[in-house]
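Okay, structure first, notes after.
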Amino acid sequence: KPTEAGSNTGTLLRLFQSEFFDVHLHMHYLLSMESGGVQDYLVNALYKMADDDVDFYLPQLCQLSLLRFNKSALYRFLLDKASRSMHFALKVMWLMQSFAEDKRPEIRDTAVSMVQWCEEAMLSAPS
């Protein structure tokens, strides 16, 4: 039913743009909504989020980026932000190393790749 899908999308967009949509709801919907368009919107909205809020949820963001590596641009957000800040890149790299050492087969290889990409991002990041 196209009208229901359009209605749901419009309702979600109104929620995402409302004054009630805070960082906690943002994280909830980033986790619970797997639709590509919704994921892209929420990932792009992370660029507008305060650094302290991103840092607070960084472990969850890193794990989610690994679990949805092929379905979400979240890992690109983390690498983009890492290329702008060596401090942020180090935090992401340490978290990714910890995920790689867990040896969970579904995320290990991606976590190892993210560590390498964070190292490259740190080389290009301003101090």
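The values are calculated or read from the model by the stated rules, or taken from the named source; none is laboratory data. Owing to the predicted nature of the structure, the values given are computational and were not obtained by experimental measurement. Methodologically, a virtual Cβ is constructed for each residue, glycine included, from the backbone with ideal geometry; neighbour enumeration extends over all protein chains shown. We work out accessible area using only protein heavy atoms, side chains counted, and drop any ligands, DNA or RNA first. Shrake-Rupley method; radii C 1.70, N 1.55, O 1.52, S 1.80 Å.
Some notes on this structure:
- Ser32 vs. criteria among the polar types (S, T, N, Q) and either open to solvent by 40 Å² or more (accessible area, probe 1.4 Å) or more than 30 Å from Arg14 (Cβ to Cβ) (or both): yes
- Residue list for region 84-115, filter: crowded, with 19+ Cβ neighbours inside 10 Å and small (Gly, Ala, Ser): Ala89, Ala100, Ala111
- Every listed requirement among (1) part of a helix (DSSP H, G or I); (2) more than 28 Å from Gln17 (Cα to Cα); (3) modelled with pLDDT under 90 is met by Glu106 save one, (1).
- Residues of region 11-61 satisfying the condition of being closer than 21 Å to Arg84 by Cβ and small (Gly, Ala, Ser): Ala45, Ala50
- Test: residue in region 14-23 that is without any contact (Cβ under 8 Å) to a residue 12 or more places away in the chain and surrounded by 14 or more Cβ atoms within 10 Å (Cβ to Cβ): yes
- For Thr9: the one exception among (1) part of a helix (DSSP H, G or I); (2) of a type outside the set (A, V, I, L, M, F, W, C); (3) at pLDDT 85 or above: (3)
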